[in-house]
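Inspection log for the structure reproduced underneath, given as structure tokens.
Only the coordinates and a few stated rules stand behind these numbers; no lab work does. Quantities reported herein were computed from a predicted structural model and do not represent experimental measurements.
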Amino acid sequence: MECKVCGKKFPLSQTLGVCLDCLYKGEDRTKDIVQRLHRETRLNFNLPPLPLRDKQGITCKLCVNNCKIGKDKVGYCGLRKNVDGHLINLGGTSEDGILEWYYDLLPTNCVADWVCLGKRMSGYKNMAVFYKSCTFNCLFCQNWHYRYKDSKSITSKDLASFVDEKTACICYFGGDPASQMMHAIATSKIALKQKNVMICWETNGSMNRKLLEEAAEISLYSNGCIKFDLKAFDESLHHALCGTSNKNTLKNFEYLATVARKRLSPPFLIASTLLVPYYITPDEVKKIALFIKGCSSDIPYALLAFHPQFYMKDLPTTSRKQAEECLKVSYEVGLKNVRIGNIYLLS
């Protein structure tokens, strides 16, 4: 297909319409195309098209977007609203969360399944908590149905009450827990008073640092882990694919790497990357792997096969060649524990 910016023919997403080289350059024409696409994809679900920057608005500091929310407007995640000059939480507080949850028998299809204690707990179960909100707008979102907010809120106390004698771990994902961290933290504290249970997170890592510090302490104490999805290293590429910056994610990952030194086994911090065809190439994975190695070569790294979803459903699945090249380059830069996940999706 022909790139809308440079006019050259490349294999690329028809929806995005811009080649990888142009995304790396991040010129104004590219930025305009990317911003327009993200606006459209969010308005289709009645979500704010961009992080709000109202000069007279109230600043929400719960994630990387730092929305300045004007009167009667809702923040980027859809959960904070300015009502008469006061920031009101529509969900994701220490009391109420907007989510779905279910039990999942262990061992389960977890990003960290090859290094997590859960793989040894056959007969027990994971309580999977799927938060229906997000701080990113990934065009390839594998769980995009969270945008249909048809779930009722549930209190942290009620959610924690479902932890029973066979529950070995709680994993918060979504969407993403980043926009509802207060609820997840409150639930975890209540659950741990009832039973020894591992507390784990799968996240884009964009949350407020203080909330992350609290979550890290809980996971460290409970033998759980925090799994960061490093979607891209280049900021322009990250903006194009996910709608926002990755600066907060990278800084938060570096912080967690220092915490991880306190507990080497089981691993506390795990990284993952979805291998989006034509965009998350071996060269991009090399940048991510070098960043991880700069934090610690011992951090486990999962390379996940892509399945066509959401606005990038025109792409193929990850090829075995792409996955193996990404695996090779990750080891070559010095990482010690890398694996390919979702192998059944490889073409």
Subject >> Alpha-carbon centroid distance for the pair region 174-188 / region 231-268, whole angstrom >> reply: 18 Å
Subject >> 5 angstrom amide H check on residue 341, placed H, neighbours 5+ away >> reply: 303, 304, 305
Subject >> Rg and Dmax [Cα atoms of the chain; Å; Rg one decimal, Dmax integer] >> reply: 19.7, 61
**OP:** Sum -39500 (n - 2.57) across every DSSP H segment of at least 4 residues in the chain, then divide by the residue count to get the 222 nm mean residue ellipticity, nearest 500.
**Re:** -9000 deg cm²/dmol
Original post:
Which residue, 66, 46, 208, tops the fluctuation ranking in a GNM of the chain built on C-alpha contacts under 10 Å?
Top reply: 46
Subject >> Subset of 189/251; 81/132; 73/149; 227/336; 189/210; 157/189 violating a 20 Å alpha-carbon distance limit >> reply: 189/251
